[in-house]
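Down below is the structure, laid out as structure tokens.
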Amino acid sequence: DKSHDFGTITEGEKVEHTFKFTNTGDADLVISSATASCGCTIPSPPKEPIAPGEDGVIKVEFNSAGKSDMQTKDITILANTNPVKTTLQIKVYVEKKDN
């Protein structure tokens with residue numbers, strides 16, 4: 001899957017999701033970068049090449065501090081794939097913390 005919905009969380013919570021993938025090509029898969037649309041979202045791609053037929057993961061952490069309502073964040077993956085760019089997406093509804 002290229003998207004994940006965390007559902008509803010409370011402001012200040014940190015949540016993470018692991019996107020799993022398989023290299024279906026016939027050469028090593030090399031991820032050159034993984035960037036998020038916001039500093040509140042941190043992707044952690046594999047640093048080593050993924051051999052053909054092997055599985056890999058990209059962990060994505062979202063920090064809801066200072067956020068509220070519906071949040072949709074894109075993570076752009078650049079790799080030696082066709083197409084070069086793949087976009088992952090996370091969604092989460094952040095409820096304001098009661099004071």
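The values are calculated or read from the model by the stated rules, or taken from the named source; none is laboratory data. What you see is a predicted model; the values in this text were computed from it and never measured. Here the Cβ is made from the backbone with ideal geometry for all residues, glycine too, and neighbour counts use every protein chain on show. Accessible surface is based on the protein model in full, side chains and every heavy atom, while ligands, DNA and RNA are left aside. Shrake-Rupley method; radii C 1.70, N 1.55, O 1.52, S 1.80 Å.
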Lys/Arg Cβ at +1, Asp/Glu Cβ at -1, dipole of the chain taken about the Cα centre: which of Cys38, Ile77, Ile50 is farthest positive-ward?
Cys38
Heavy-atom accessible area per residue - the stretch 1-43, 1.4 Å, Å²:
63 Å²
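Using the 2.2 N^0.38 Å rule of thumb for compact globular proteins, work out how the chain stacks up: its C-alpha Rg over that value, please. Walk me through the numbers on the way to the answer.
Details: Rg = 15.0 Å, N = 99, 2.2 N^0.38 = 12.6 Å.
Normalised Cα radius of gyration, the chain: 1.19.
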In the chain, how many lysine pairs have Cα atoms under 15 Å apart, counting only pairs 8 or more places apart or on different chains?
20
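Would you work out the charge dipole size for the chain about its Cα centre, treating the Cβ of every Lys and Arg as +1 and the Cβ of every Asp and Glu as -1, and quote it to the nearest 20 debye? Before the final figure, lay out the partial values.
Working: 11 positive and 15 negative charges, 52 e Å.
The calculated dipole for the chain is roughly 260 debye.
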Given contacts defined as C-alpha pairs under 8 Å and at least six residues apart, what's the relative contact order of the stretch 4-99, whole-number percent?
38 percent
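Can you pull the percent of the chain's accessible area that's carbon plus sulfur, 1.4 Å probe, other chains left in place? Numbers along the way, then the final one.
Details: 2800 of 6150 Å².
For the chain, the apolar C and S fraction of the accessible surface comes to 45 percent.
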